[in-house]
Each structure stands twice: as structure tokens, then as C-alpha cells.
1. R0 = 25 Å: FRET efficiency of Leu6 with Val97, Cβ-based, nearest 0.05?
2. What ranking do Thr133, Thr86 get, fewest neighbouring Cβ atoms within 10 angstrom at the top?
3. What FRET efficiency comes out for Ala57 versus Val27 if R0 is 35 angstrom and r is the Cβ-Cβ distance? Round to the nearest 0.05.
4. How big, on average over all directions, is the shadow cast by the Cα convex hull of the range 1-155, in nm²?
Amino acid sequence: MNAALLAVFAILKGPLYAAVGTLAISVLFGLRNADALLASCGAALGWTVRQAIPSGASIAFSSFAAAVATGLYSELVARFRHRPATVYMVSSIVPLVPGGGMYYTMLASVEGNTSQSLEIGMTALMTAFAVATGLAVANTVDKLVLRPLFEGIGRCSPGATIGGSARRSSNADNVDDDKHNHA
């Protein structure tokens with residue numbers, strides 16, 4: 001194979017694995033086909049951002065930046081698909097969760113290596129906190145910047161259902177209740 005092709009594959013391997021893993025999790029969560037694919041794209045975006053941060057930066061910082069990108073992506077996709085942002089956000093952050101770090105923390109603890117356990121555990125804890133903070137920052141940016149910018153586009157109006165159909169008025173509800181509650 002060509003060396004340039006191998007280099008491109010090496011760069012795209014991480015985002016591809018993140019997307020495939022997220023697709024599997026999305027299917028387990030019961031997402032619709034299009035929503036599962038969009039969540040997978042969010043995971044690939046997050047992993048690409050995490051990979052793009054220079055290796056000298058901490059894993060927590062790169063996870064924070066990836067979580068912000070994933071969170072903003074989830075908010076925008078949710079707006080245009082008329083779904084809650086958590087539909088995309090929960091599945092998309094799965095590759096960013098430091099599960100391996102928690103496993104190796106427990107392994108070092110069981111083996112009696114306290115200093116290694118503390119070091120790996122603190123890194124995993126900082127990474128988890130960075131992911132949560134990144135999602136909170138993305139949500140705040142959405143509320144303060146993106147919603148006013150895209151006002152009237154996407155998201156359902158208050159009182160509407162996720163599918164986009166408007167809720168019936170309270171009088172219509174009372175009439176239906178009267179039909180079913182006469183004894």
C-alpha cells in the first residue's frame with residue numbers, strides 16, 4: 001500500500017472506531033436509524049477534535065475540547081431534527097468516557113500498587129470531570145449564543161411534542177375527559 005494512504009488511514013482510524021462503537025451503543029439505546037448515524041458522526045467529530053489537540057496537552061484538556069465540540073454538534077443536530085439534544089449527546093460522548101482509566105485504577109489497586117492507582121485514578125477523574133464540564137459549556141453556549149442566533153429555526157415551541165405537532169388546547173382536553181369520564 002501507498003505510504004500516504006496508510007498515513008490517512010492512521011488518522012481516520014480513531015474517529016472511525018469511535019463512530020462504529022457509538023453506532024452499536026445507539027442501537028442498544030434504541031435510537032432510530034438516522035439518529036444513530038448522526039450520533040455516530042458526533043462521536044467521530046469528538047474523537048477527531050481530541051486527536052487534533054497536540055500530544056503535549058493533558059488528556060483532560062483534549063477531552064474537554066472534544067466534549068465541547070460534541071455538545072455543540074448535538075445541540076445543533078437536535079435543533080434541526082426536532083429531538084432533545086441528549087438523544088445525540090449521550091451516545092456521542094461514550095468514546096470520551098475514561099472507562100479504561102477506571103479499569104486500570106482498580107487493577108492497580110487490587111495489585112497493591114497504590115501510587116499508580118492514585119495517578120491513573122486522578123487522570124480518569126479529571127477526564128470525566130472535563131467531559132462533563134465541556135458538555136455544560138456547550139449547553140451554555142447554545143442557550144446564550146446559538147438559540148438567539150437561530151431563533152425560530154428548529155426546536156419545538158413550548159407545549160409542543162417532540163414530534164413537532166402542537167398540543168391541543170386545554171378545552172379540547174376537557175371535552176375528551178368529559179366523554180370518557182361520564183359514569
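1. 0.30
2. By the 10 Å Cβ count, ascending, the order reads Thr86, Thr133.
3. The value I calculate is 0.60.
4. Average of the hull's projected areas for the range 1-155 equals 11.5 nm².
Every number in this text was worked out from the coordinates using simple rules, so none of it is lab data. In this text the structure is predicted, and so the values were computed from the model without any measurement. Note: ideal-geometry Cβ built from the backbone for every residue, glycine included; neighbour counts use all protein chains shown.
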